[in-house]
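Visitor: Right, I'll just put the structure down here and ask away after.
The values are calculated or read from the model by the stated rules, or taken from the named source; none is laboratory data. What you see is a predicted model, and the numbers here were worked out from it, not measured in a lab. Here the Cβ positions follow ideal geometry from the backbone for every residue, glycine too, while neighbour counts run over all protein chains shown. To get the accessible areas, we keep the full protein, side chains included, count just its heavy atoms, and leave off ligands, DNA and RNA. Shrake-Rupley method; radii C 1.70, N 1.55, O 1.52, S 1.80 Å.
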Amino acid sequence: MQIVEEYTGHVEPGGVAARRVLDALTITKISVGPMNNNAYLLVCRNTGDALLVDAADDSERLSDLLGHDDQRPRLRTIVTTHQHPDHWQALGAIAGQTGCFTAAHPADAEQLPVPPDRLVEQGDTIALGDCELSVIHLRGHTPGSVALVYRDPNGHPHLFTGDSLFPGGVGKTGSPADFRSLIDDVENRIFGELPDDTWFYPGHGDDSTLGAERPKLPEWRERGW
């Protein structure tokens, strides 16, 4: 698996992975599957413990991303951000290969092919070696959609949003009520709590920052999607 070390937030579908190196954590992004889903491998640099955000598809490429030698990270947890099938096609295979724990919100858990070992809700934390991620429940794209935030003590926050927040808008919703629920949660639980320099990593496409998207919030609410 080729991994480039110059991280821009953009990866090509089916192309090489890109790694971002923080003081305590590395973040590696790869695009997999026919819907160009992003999967993110987070590794604690001190312990080698790893967490995968969405085993979306292409278990062979995700396995190659983890590596096959004795120095490879130890995958401890897979977090599935929500119930839509394009985000869990490789969940059973990767969990079976590694014996790792799986986690998801209870409102989406029954739709997953592997029953989660751990149910996570708003405000919960997930340990990753010496690092910690916080769970943000964002209701609307699906009932149990979650985001994860890593608050880097030596830098800005890093936010993994699944399909609830993208550059240019919130995720797709099925009704006006679901849209209002999602835009309210995104505004209150993300933009209301995290600073502009927060870098966010969506379930498809390129990354962005909250500062780049914050001025657009009124426009998103007005247009209704």
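Visitor: If you check every pair at least six apart or on different chains, which have Cβ atoms under 6 Å apart with a residue in the range 29-57 that is open to solvent by less than 20 Å² (accessible area, probe 1.4 Å) and assigned to a loop (DSSP other than H, G, I, E, B) first and a residue that is of a type in the set (S, T, N, Q) and modelled with pLDDT of 95 or more second?
Guide: Asp54/Thr81; Ala56/Asn37
Visitor: Can you tell me which of Phe179, Phe160 is open to solvent by less than 40 Å² (accessible area, probe 1.4 Å) and either farther than 30 Å from Gly48 by Cβ or in a helix (DSSP H, G or I) (or both)?
Guide: The unique qualifying residue is Phe179.
Visitor: Here's something else I'd like to know. Which one of these is in contact (Cβ under 8 Å) with a residue 24 or more places away in the chain and among the polar types (S, T, N, Q): Ser175, Ser164?
Guide: Numbers: Ser175 fails: in contact (Cβ under 8 Å) with a residue 24 or more places away in the chain.
Selected residue: Ser164, the only one of Ser175, Ser164 that is in contact (Cβ under 8 Å) with a residue 24 or more places away in the chain and among the polar types (S, T, N, Q).
One line per residue, one yes/no per condition, for (1) charged (D, E, K, R); (2) modelled with pLDDT of 95 or more; (3) touching a helix residue (DSSP H, G or I) at 6+ places or on another chain (Cβ under 9 Å):
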{"position": "Pro13", "(1), (2), (3)": "no, no, no"}
{"position": "Gly33", "(1), (2), (3)": "no, yes, yes"}
{"position": "Arg45", "(1), (2), (3)": "yes, yes, no"}
{"position": "Gly48", "(1), (2), (3)": "no, yes, no"}
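Visitor: Given the residues Asp197, Asp184, which is the only one that is surrounded by fewer than 17 Cβ atoms within 10 Å (Cβ to Cβ), of a type in the set (D, E, K, R), under 23 Å from Leu133 (Cα atoms) and under 18 Å from the mean Cα position of the chain (by Cα)?
Guide: Details: Asp184 fails: under 18 Å from the mean Cα position of the chain (by Cα).
Among Asp197, Asp184, only Asp197 is surrounded by fewer than 17 Cβ atoms within 10 Å (Cβ to Cβ), of a type in the set (D, E, K, R), under 23 Å from Leu133 (Cα atoms) and under 18 Å from the mean Cα position of the chain (by Cα).
Visitor: All but one of (1) charged (D, E, K, R); (2) out of contact with any strand residue (DSSP E or B) (no Cβ under 7 Å at 6 or more places or on another chain); (3) loosely packed, with under 14 Cβ neighbours inside 10 Å hold for Lys172; state the number of the condition that does not hold.
Guide: Every listed condition holds for Lys172 apart from (3).
Visitor: While we're here: Just for the range 91-130: of the residues that are assigned to a helix (DSSP H, G or I), touching a helix residue (DSSP H, G or I) at 6+ places or on another chain (Cβ under 8 Å) and open to solvent by 50 Å² or more (accessible area, probe 1.4 Å), which one is nearest to Thr77 (Cα to Cα)?
Guide: Going residue by residue through the range 91-130, those that are assigned to a helix (DSSP H, G or I) are 91-98, 106-109.
Next, only the ones that are touching a helix residue (DSSP H, G or I) at 6+ places or on another chain (Cβ under 8 Å) stay: 93-94, 97-98.
Next cut, open to solvent by 50 Å² or more (accessible area, probe 1.4 Å) only: 97-98.
Values: Gln97: 12, Thr98: 10 Å.
Looking at the filtered set, the residue picked out is Thr98.
Visitor: Another one. Kindly indicate whether Trp225 is outside any helix (DSSP H, G or I) and touching a strand residue (DSSP E or B) at 6+ places or on another chain (Cβ under 7 Å). Give the derivation first.
Guide: Values: outside any helix (DSSP H, G or I): yes; touching a strand residue (DSSP E or B) at 6+ places or on another chain (Cβ under 7 Å): yes.
In short, yes.
Visitor: Also: Residue check, Lys216 against (1) touching a residue at least 40 places away in the same chain (Cβ under 8 Å); (2) surrounded by 14 or more Cβ atoms within 10 Å (Cβ to Cβ), all met but one. Which one?
Guide: Only one criterion is unmet by Lys216, namely (2).
Visitor: Another one. Restricting to the range 1-28, what's the tally of residues that are in contact (Cβ under 8 Å) with a residue 40 or more places away in the chain and open to solvent by less than 30 Å² (accessible area, probe 1.4 Å)?
Guide: The qualifying residues number 5.
Visitor: List every residue pair whose Cβ atoms sit under 6 Å apart, with the two residues 6 or more apart in sequence or on different chains, where the first one lies in the range 92-111 and is within 24 Å of Gly129 (Cβ to Cβ) and the second, anywhere, is at pLDDT below 95.
Guide: Final answer for the pair search is Ala95/Val114; Thr102/Val114.
Visitor: Does Arg76 qualify as being crowded, with 16+ Cβ neighbours inside 10 Å, of a type in the set (Lys, Arg), touching a residue at least 40 places away in the same chain (Cβ under 8 Å) and not in a strand (DSSP E or B)?
Guide: Taking the combined requirement at face value, the residue does not satisfy it.
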